[in-house]
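One structure below.
The values are calculated or read from the model by the stated rules, or taken from the named source; none is laboratory data. Owing to the predicted nature of the structure, the values given are computational and were not obtained by experimental measurement. Reconstructed Cβ throughout: ideal geometry from the backbone, glycine too, with neighbour counts over all protein chains shown.
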Amino acid sequence: MLSSQTNKRIGQAMHDYSMLSDGDQVLVAVSGGIDSLVLTWLLKYWLKKAPVHYGLTAVHIDMGLWREEMAAANPVVEVQKQMEKTGLTLHIEKSLPLIDDERNCFSCSKLRRKQLFELASRFKCNKIAFGHHKDDLLETLFLNMLYSGNISTMVPKQELFDGRLTVIRPLAYIEKQEVAAIAGEIGLHAVNTLCPLAGDTRREQVRKMLHDIYGQIPRAKASLFASMKNVREGYML
């Protein structure tokens, strides 16, 4: 189900950053997007062949946006249906309350991340796995440069709280189209979000900009990604 090249790059990312160790308990953050669903399936699949044994706990945070009078299907139910294909039980957690004045992508993401940290503690997990891939890392790099005035991105592995909790991103070396190809092979489908801000964000703007750059400059994506490992500090302000 995984192409040899895709499988190799996922394995390389796990190896380069020593993402998994024997006895790890991993909380998988399942949003319902195709990336997190594929990640869940992948980590379950790798249990069969990994040289280490680790535990998996999949968690979905219900943002409470669905109402019975809506024509759209309940996204929580739809995420559960997709998760059945991975063979892993899904834990549903209600979102922490968000103040109306703070209803924006940044505040929502920050609150959800805080809740995931708390859930990791409750489920006795020492690692949290996110489905961010190569394109996400590149988009974050440009988001931070354009809007925050710094050069940084999401890293494949990040230790938090003096090493008590570690964030890992096993898909960091593969592209979004490769994630979609895996999903197609195993029959996974993304669950549509009911968030009114979806598709109208700074990240979407950056994504479109990068798409244009990739179309105009051959190998631009590979070069940009390589640059994040090749920072010449002596030539930075």
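Structure notes:
- Screening Val191 with (1) modelled with pLDDT of 95 or more; (2) within 21 Å of Ile34 (Cα to Cα); (3) within 19 Å of the chain's Cα centre (by Cα) gives one miss only, at (1).
- You will find that of Tyr173, Tyr214, Tyr235, the residue that is loosely packed, with under 10 Cβ neighbours inside 10 Å and among the aromatic types (Phe, Trp, Tyr) is Tyr235 and no other.
- Checked against the criteria, Arg207 counts as assigned to a helix (DSSP H, G or I) and crowded, with 17+ Cβ neighbours inside 10 Å.
- Being within 17 Å of Arg169 (Cα to Cα) and modelled with pLDDT under 95 is a condition met by no residue of region 129-137.
- Among the residues making up region 217-232, those that are surrounded by 10 or more Cβ atoms within 10 Å (Cβ to Cβ), out of contact with any Lys or Arg (no Cβ under 9 Å at 6 or more places or on another chain) and not aliphatic (A, V, I, L, M) are Ser223, Ser227.
- Scanning region 3-31 for residues that are crowded, with 19+ Cβ neighbours inside 10 Å and part of a loop (DSSP other than H, G, I, E, B) yields Met19, Leu20, Val30, Ser31.
- The residue of region 181-193 that is nearest to Ser227 (Cα to Cα), among those that are among the β-branched types (Val, Ile, Thr) and assigned to a helix (DSSP H, G or I), is Ile182.
- Note on region 196-237: residues that are in contact with a helix residue (DSSP H, G or I) (Cβ under 8 Å, 6 or more places away or on another chain) and at pLDDT below 95 total 4.
- Residue that is surrounded by the fewest Cβ atoms within 10 Å (Cβ to Cβ) [pool: residues in region 116-170 that are within 16 Å of the chain's Cα centre (by Cα) and among the aromatic types (Phe, Trp, Tyr)]: Phe117
- Scanning region 37-53 finds no residues that are part of a loop (DSSP other than H, G, I, E, B), of a type in the set (Ser, Thr, Tyr) and either modelled with pLDDT under 85 or touching a strand residue (DSSP E or B) at 6+ places or on another chain (Cβ under 7 Å) (or both).
- Yes/no for Leu237 being in a helix (DSSP H, G or I) and either over 30 Å from Asp24 (Cβ atoms) or free of Cβ contacts under 8 Å to residues at least 24 places away in the same chain (or both): no
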